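Reading through the C-alpha cells given below for one structure.
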Amino acid sequence: MLDAALKEQLQGIFAGLAHRYTFDVAVAEQHESRNELLELLNDVSTTSDRLSTEVRSGNALEFELLKDGEKTGVKFRAVPNGHEFTSLLLAVLNADGKGKNLPDDFIAHRVKSLKGPIRLTTYMSLTCTNCPDVVQALNVMALLNPSITHEAVDGAIYQEEADALKLQGVPAVFADGELLHVGRGEFGELLSKLEERYGSEQSAVSSAPREYDVIVVGGGPAGSAAAIYSARKGLKVAVLAERIGGQVKETLGIENLISVPKTTGDELADNLKRHIQEYSADIFEHRIVEKVELEGKNKVVSVAGGEKFVAPALIVATGASWRRLNVPGEKDSIGKGVAFCPHCDGPFYKGKHVAVVGGGNSGIEAAIDLAGICSKVTVFEFLDELKADKVLQEKAASLPNVEIFLHSQTTEVLSNGEKVVGLRVKDRKTGQERVVDLDGVFV
C-alpha cells in the first residue's frame, strides 16, 4: 500500500520515538476492509522497530493506539488513509511528545483540567478536508487527559450507524452520545465547547499579563504580514490566532499568489508560520479573544481561559470566515441539511436536489462540483448578476442540471425537524416569495 519513498520518509519521521507503540486491531475475519486496514498498519509498523501491529478477532473493524502496552484513549474505527493518514501519524508522534500540533502549556493545562469521563466520537469521511483538523485536535485532548477517549469513525464503513444518527454533514462530533459540533472546528473552539459542557476541575492557571510592544490578533496572511513587519522593526510581537494560516488552510489549491504559480492552503500556512518564526515574534495558537480593554495607553486583550496580553499597539487582522445566512431555520439545521463544504458533505446528497446560496467564485465552484454528485443544483444569487469569474459562469451554464436565479433573497430554511426540506426565497424585483423543495443547502 505504501510505496518505498513514503516508507523511507516515515523511517525518518519515526526515528526518534522514545516509547513502543502498538496498533491493537480487532477486526472480523470477513470484514470487507480487513485486508486494507492490516496492509496499511503493517506497512507503517515496518518503518520503526518501535511500532507493531497486533490483530485479534472482533465483531467489526477498529484499532486502538497503545503506548508501552497501555491505552492512550485514541481509537480509529476506520482505515485511516486519504486525508486521515496524517491523523494516524500524528497520533503516534503526539503520544511521544514530538507532534507538530501539540498545544503550549497554557492550552494543555485547560485540556487536563476538563472534568471527565468524556467519551468523544467523530464521524468523518476520508474525502473531507475539514475532518483531519477536528480528529487531530480531539486525539490530542485524549492523549493529554486520561479521562477523555476519542474514536474517529468512517461513516462509509459504519454506514448504518451514520444513517441511524441522520448525519448529513461531517465532521460530526458526539460527546457521550450527544451532538457537540458539526463542520470545521478549531482546537480552541472545541475546547471551549467541552469546558462549557463538562466544566473544569480548576480554573486555568492565572498569570501576570504578558507584555508586548505589539499584539496582532489573527494569523492569516494579513496578520502574519503585520507580525513580520513589526518584528523587523525590532518590536516585541505576539500573534494571537486560532491557527496560523486562517481561512487559507481551507483552500485546496492556490494559483493567484504572485510569484508562486501553484501551492496549497496547508503549504502556504506552514510557510507563513516559518516566516514569522524567523523573527522575534511569539505565536499563541488556539486562542479565542473574548474582549479588549483600554488601560491608559495600553490595550489589554483577554482570551478564553483567563490569559491576558498587554501592549500599547493592537493590530486586528481577524479576516473572513464562513458566512451565515442568518435567517430562520438555518442555525437549527446545520449538519441536518445546511452545509458549508461541498467536498466534505457533497457525498451525503448524491442523487438529490440541493441549493447553493451565493454566486461568487466559491458559490459557482461549489455548484459545479455538486453537479457531478447531485441530481439538480439550484443557485440563488442576491444581486442582479453573478460575481464569479467568467470562466466559472460559462462552465456552470453548460451543465444541464444547474439552474441559476438572480436577485433572489433566501428568507428561511425549511425543515421537518429532522432534515431540510426546502427554502423560502424572495424575488427582490417583484417582492414575491416562493418555496423551493429540496434536500440540502450549501451556503
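Residues are listed down the side, and each one gets a yes or a no for (1) surrounded by 15 or more Cβ atoms within 10 Å (Cβ to Cβ); (2) small (G, A, S):
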site	(1), (2)
E394	no, no
G417	no, yes
L423	yes, no
T430	no, no
E433	no, no
L438	yes, no
F442	yes, no
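Residues in segment 95-106 that are crowded, with 17+ Cβ neighbours inside 10 Å and under 18 Å from the mean Cα position of the chain (by Cα): G99, N101, P103. Does any residue of segment 411-418 turn out to be assigned to a strand (DSSP E or B), of a type in the set (S, T, N, Q) and under 11 Å from A355 (Cα atoms)? No, because not a single residue in segment 411-418 is assigned to a strand (DSSP E or B), of a type in the set (S, T, N, Q) and under 11 Å from A355 (Cα atoms).
Enumerate the pairs (first residue in segment 249-260 and in contact (Cβ under 8 Å) with a residue 24 or more places away in the chain; second residue anywhere and among the polar types (S, T, N, Q) and surrounded by 10 or more Cβ atoms within 10 Å (Cβ to Cβ)) with beta-carbon separation below 7 Å, excluding pairs fewer than 6 apart on the same chain, so at least 6 apart or on different chains. Sorted first by the residue in segment 249-260, then by its partner, the pairs are L252/T129; L252/T264.
Do we find a residue being among the small types (G, A, S) and part of a strand (DSSP E or B) anywhere in segment 131-144? No; the residues of segment 131-144 include none that is among the small types (G, A, S) and part of a strand (DSSP E or B). Within segment 331-357, the set of residues being of a type in the set (D, E, K, R) and in contact (Cβ under 8 Å) with a residue 60 or more places away in the chain comprises D332, K336, D345, K352.
With respect to (1) surrounded by fewer than 19 Cβ atoms within 10 Å (Cβ to Cβ); (2) within 21 Å of T122 (Cα to Cα), the lone exception for T72 is condition (1). Does segment 161-174 contain at least one residue that is surrounded by fewer than 23 Cβ atoms within 10 Å (Cβ to Cβ), outside the structural domain of A91 (by TED's automatic domain parsing) and touching a Phe, Trp or Tyr at 6+ places or on another chain (Cβ under 8 Å)? Checked segment 161-174: no residue is surrounded by fewer than 23 Cβ atoms within 10 Å (Cβ to Cβ), outside the structural domain of A91 (by TED's automatic domain parsing) and touching a Phe, Trp or Tyr at 6+ places or on another chain (Cβ under 8 Å). Within segment 99-130, the set of residues being over 30 Å from A208 (Cβ atoms), modelled with pLDDT of 95 or more and in a loop (DSSP other than H, G, I, E, B) comprises just one member, P117.
Before we move on, is A208 out of contact with any helix residue (DSSP H, G or I) (no Cβ under 7 Å at 6 or more places or on another chain), surrounded by fewer than 14 Cβ atoms within 10 Å (Cβ to Cβ) and of a type in the set (A, V, I, L, M, F, W, C)? Reasoning before the result, please.
Numbers: out of contact with any helix residue (DSSP H, G or I) (no Cβ under 7 Å at 6 or more places or on another chain): yes; surrounded by fewer than 14 Cβ atoms within 10 Å (Cβ to Cβ): yes; of a type in the set (A, V, I, L, M, F, W, C): yes.
Yes; evaluated as a whole, the condition is true for this residue.
Whether a residue is touching a residue at least 40 places away in the same chain (Cβ under 8 Å) and in contact with a Lys or Arg (Cβ under 8 Å, 6 or more places away or on another chain) was assessed, and G360 does not pass this test. Count of segment 108-131 residues, restricted to those that are more than 16 Å from T72 (Cβ to Cβ), surrounded by 20 or more Cβ atoms within 10 Å (Cβ to Cβ) and more than 18 Å from the chain's Cα centre (by Cα), is 2. Looking across L252, L179, one residue alone is surrounded by fewer than 16 Cβ atoms within 10 Å (Cβ to Cβ) and at pLDDT 90 or above. It is L179.
Going residue by residue through segment 205-221, is there one that turns out to be hydrophobic (A, V, I, L, M, F, W, C), farther than 27 Å from V74 by Cα, touching a residue at least 12 places away in the same chain (Cβ under 8 Å) and in contact with a Gly (Cβ under 6 Å, 6 or more places away or on another chain)? Among the residues of segment 205-221, at least one is hydrophobic (A, V, I, L, M, F, W, C), farther than 27 Å from V74 by Cα, touching a residue at least 12 places away in the same chain (Cβ under 8 Å) and in contact with a Gly (Cβ under 6 Å, 6 or more places away or on another chain), which makes the answer yes.
In a residue-by-residue description of segment 230-237, the property of being assigned to a helix (DSSP H, G or I) and loosely packed, with under 13 Cβ neighbours inside 10 Å applies to no position. Among the residues of segment 137-160, just one is within 19 Å of K350 (Cβ to Cβ), of a type in the set (D, E) and buried (at least 21 other Cβ atoms within 10 Å of the Cβ), namely D154. The sole residue among E418, E365, E385 that is over 27 Å from the mean Cα position of the chain (by Cα), not assigned by TED's automatic domain parsing to the domain that holds V173 and not polar (S, T, N, Q) is E385. Against the test of being closer than 29 Å to V310 by Cβ, at pLDDT below 95, within 15 Å of the chain's Cα centre (by Cα) and of a type outside the set (D, E), the options G188, G169 yield a single qualifying residue, G188.
From the residues in segment 14-36 that are more than 16 Å from L65 (Cβ to Cβ) and among the aliphatic types (A, V, I, L, M), which one is surrounded by the fewest Cβ atoms within 10 Å (Cβ to Cβ)?
To start, the set of residues in segment 14-36 that are more than 16 Å from L65 (Cβ to Cβ) comprises 15-16, 28-36.
Right, trim to among the aliphatic types (A, V, I, L, M) and you get 15, 28.
Values: A15: 10, A28: 13.
Top of the filtered list is A15.
Among the residues of segment 145-173, those that are part of a loop (DSSP other than H, G, I, E, B) and either small (G, A, S) or in contact with a His (Cβ under 7 Å, 6 or more places away or on another chain) (or both) comprise S147, G155, A156, G169. Condition test on K387, is it farther than 30 Å from A156 by Cα, in a helix (DSSP H, G or I) and charged (D, E, K, R)? For K387, the condition - farther than 30 Å from A156 by Cα, in a helix (DSSP H, G or I) and charged (D, E, K, R) - is not met.
The values are calculated or read from the model by the stated rules, or taken from the named source; none is laboratory data. Quick caveat, the model's predicted, so the values are computed rather than measured. Neighbour counts run over all protein chains shown; Cβ positions are idealised from the backbone, glycine included.
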